[in-house]
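Okay, structure first, notes after.
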Amino acid sequence: MLMGNHTIQINENGHLFFAGMDTVMLAEKYGTPAYIYDVSIIRNNCRAFINAFKKQQVAFQVAYASKAFSTIAMMQVAKQEGMSIDVVSEAELYTALQANFPVERIHMHGNNKSESELEMAIENHIGCIVIDNFHEITLLECLLEKHDCQMDVLIRVTPGIESKTHAYIMTGNEDSKFGFSLKNGQAERALLQLQHHERIKLKGLHCHIGSQIFEADRFILAAEVLYGYLQSWYEKHGFIAEVLNLGGGFGIRYTSDDHPIPIPVYVEEIVKALKQYWQEAAFPFPEIWIEPGRSIVGEAGITLYTVGAMKDIPDIRKYVAVDGGMADNIRPALYGAEYECIVANNADQNDREVVSIAGKCCESGDMLMKDISLPTLKPGDVLAVLSTGAYGYSMASHYNRFANPPVVFIENGVDQLVVRRETYQDVVRNDLIYRSINRDD
Ligand code: LLP
C-alpha cells in the first residue's frame, strides 16, 4: 500500500510495516510514544530538490529549514545529501555544528536575533545571515566591527502576498512580524544602507510566503514581485542581486485531501518562470536558493502510540486516549491540523467504528484526531499516526511534565536510536532546590 510518500506494508499478521520494519516490534523495543523516521524518504526528498535544480542548469542552494526537525542525526543526513541548512537560534546552530555541518552552507534566520546569536554566527563564519530588521543591521555592524570581519547577508522582504494557508503560518503578507516591507519602502531603505557597506556584504533578497502551500503559482507570484523591485533597484541604484531566496513552504500530504505537486514540478515551474522574467533583464540571473523544511521530513516520520482508556458517550462521541498527544504533536491543537493513522497491530481489520483520538494532556483541546473511522480499538493497541516528521519533535513541549519521546531512524533495514527518550529526571534536571530564608523544610 502506498500512502503519499509512505511505503507502507501490512504483513500476514496484520502488522504495519514502515521502512521495511514491523512497527509493533518497534513499539515494543523503544516504547511509546516514539517518533520513527524512514531515512530513505528524507534522502529521496533532498535528492528530488537538488536533482530538479541540476536539471534546470542554474546555480542553486537547497537549504533544509532545520526548524522542521533539528537533531544531530538529521543534520548529518542533510550534510551527506549536499544540502545547506537554515537555523533560527543558537541551539539550532549548535546542533548543526555538533554534526560538523559545513559552516559556509549554514544560513541564519530570525526576526529578533540576539547579540549572542549573531556573535555565534560570526565566530563560526557561517555562510549567510538573513537580515530581518533595522535593529539587526545596527547590531551586526557593531559586532562585525568588534570582530573585524565581514558577513554575507540577504535582506528578508515581505512581498505582500497572501498564501492560501493557515493564518499562523502565513508570512509573506504585508502585516507580518518578519522582514522589510517592499511596498512601504523599508526594504529599499535597508538596501541603500547595505549596498556599499564595508562589512555587511549584501548578496540579495529573501522571502518566505508561508507554509504548506500546494501551488507553484504562489512562489511564482512572489518571484514576480521581487523581480519587479530588482528591476527598479537596478535602474535607480545599480543594485544586482547575486542570490534570490524564495524560502520554503512546499506542501505535503497529511491526509487524502492533500494533493501536493511533486517536488521536481515545484522547482521546474518556479525556475522556468524566473528564467522568463530574466530574459529581458539587463542584469545577470541570480543563484536561486530555497528552504524546504516540511517537504523534506514531514512524510518521512510517523509517531507510534499505545491505546489506553476509552470513553464512549452514546450519541455523542467515543474517545480513545493514547499515551501521547499535544506534548509531542501540538499541530492539531494549534492549527487544527489533520492526520491519518493506522492501527499498527491490526492494520487489515475491517470492522470499523468512528472514534476520536485524545491525547493525555490535561487539556480538552488535546485531541489528535476527531471522528475518524478505524478498526475497533482496545487498550494496548498500537496506533501509528502518519506524516508527523515535521514540526512534531521540534515543537514538543514538557506540558504536564511529560518527557519527550525518542527518535528512531531506520535505513536499510536497520533501526537506530538517534534521540533517546527523556526520563523524568531529565525533565527536572535544571530545577534547583529553593532555599527560602528562615525555613529549613
Ligand atoms: N524558511 C523560512 C524563513 C521559514 O520561516 C520557514 C518556516 C521555512 C523556510 C520552512 O517552511 P516549510 O518548508 O517547513 O513549510 N510550525 C508550523 C510551520 C511553521 C513554519 C515556520 N517557518 C507547522 O507545524 O505547520
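Observations
- Less than 5 angstrom separates the built amide H of GLU287 from those of VAL243, LEU244, all sequence-distant by 5 or more or on a different chain.
- Distance (nanometres) between label positions extended 7 Å along Cα→Cβ at HIS125 and GLU411: 2.7 nm
- Long-range HN-HN contacts of THR388 with modeled amide H, under 5 Å: GLY301, ILE302, THR303
- Calculated [θ] (222 nm, deg cm²/dmol) that DSSP helices of n ≥ 4 give over the chain, each run adding -39,500 (n - 2.57): -8500 deg cm²/dmol
- Look at HIS196, HIS208, HIS147 and count the other Cβ atoms within 10 Å of each Cβ; fewest to most, that gives HIS196, HIS147, HIS208.
- Cβ crowding within 10 Å ranks MET151, MET326 as MET151, MET326, fewest other Cβ atoms first.
- Net charge, THR32 excluded, C-beta distance under 13 Å - Lys, Arg +1, Asp, Glu -1: -1
- Under-5 Å amide H pairs with CYS128, H placed in peptide plane, nonlocal only: ILE106, MET108
- Placing dummy labels 7 Å off each Cα toward the beta-carbon, the span from LYS177 to THR138 is 2.0 nm.
- Across the chain, the relative contact order, built from alpha-carbon pairs under 8 Å that are at least six residues apart, equals 19 percent.
- Packing-based exposure ordering (other Cβ within 10 Å, fewest first) of TYR30, TYR64, TYR399, TYR424: TYR424, TYR399, TYR30, TYR64
- Around ALA63: net Lys/Arg minus Asp/Glu count, Cβ-Cβ under 9 Å: -1
- Residue-count net charge about TYR424 - beta-carbon cut-off 12 Å; Lys, Arg +1, Asp, Glu -1: 0
- When the Cα positions of CYS149, VAL385, ALA358 are compared along the charge dipole of the chain, CYS149 comes out farthest toward the positive end, with charges on each C-beta of Lys, Arg, Asp and Glu.
- Volume per residue that the Cα convex hull of the chain spans, once the total is divided by residue count, Å³: 174 Å³
- Across segment 109-292, Cα-Cα pairs farther apart than 29 Å form 23% of the total.
- Put a dot 7 Å past the Cα of SER116, heading toward its Cβ, do the same for ILE313, and the two dots end up 4.6 nm apart.
- Simple point charges give the picture: +1 on the Cβ of Lys and Arg, -1 on the Cβ of Asp and Glu, and for segment 291-441 a dipole about the Cα centre of about 360 debye.
- Using R0 = 56 Å, the C-beta based FRET efficiency linking SER232 and ASN100 works out to 0.85.
- Using θ = phi - 60° in the Karplus curve 6.51 cos²θ - 1.76 cosθ + 1.60, the 3J(HN,Hα) couplings for segment 329-342 round to 8, 7, 4, x, 6, 7, 10, x, 5, 10, 9, 10, 9, 9 Hz; x is entered for Gly and Pro.
- Across segment 50-57, coupling constants 3J(HN,Hα) worked out from phi with the 6.51/-1.76/1.60 Karplus curve, θ = phi - 60°, read 5, 5, 5, 5, 4, 4, 7, 6 Hz, and Gly and Pro carry x.
- Computed extension length for GLU280-SER256: 4.5 nm, one decimal, from 0.36 nm per residue of separation with the Cα-Cα distance subtracted.
- For segment 366-382, Karplus couplings with θ = phi - 60° (6.51, -1.76, 1.60), whole Hz, Gly/Pro x: 7, 10, 7, 8, 10, 6, 10, 8, 9, x, 4, 9, 9, x, x, 5, 9
- Length released on extending from GLN80 to ASN184, taking residue separation times 0.36 nm less the Cα-Cα span: 33.3 nm
Laboratory data are not the source of any read-out in this text; all were calculated from the coordinates shown. Note that the coordinates shown come from a computational prediction; the quantities given were computed from them, not determined experimentally. Virtual Cβ from ideal backbone geometry, glycine too; neighbours counted across all protein chains shown.
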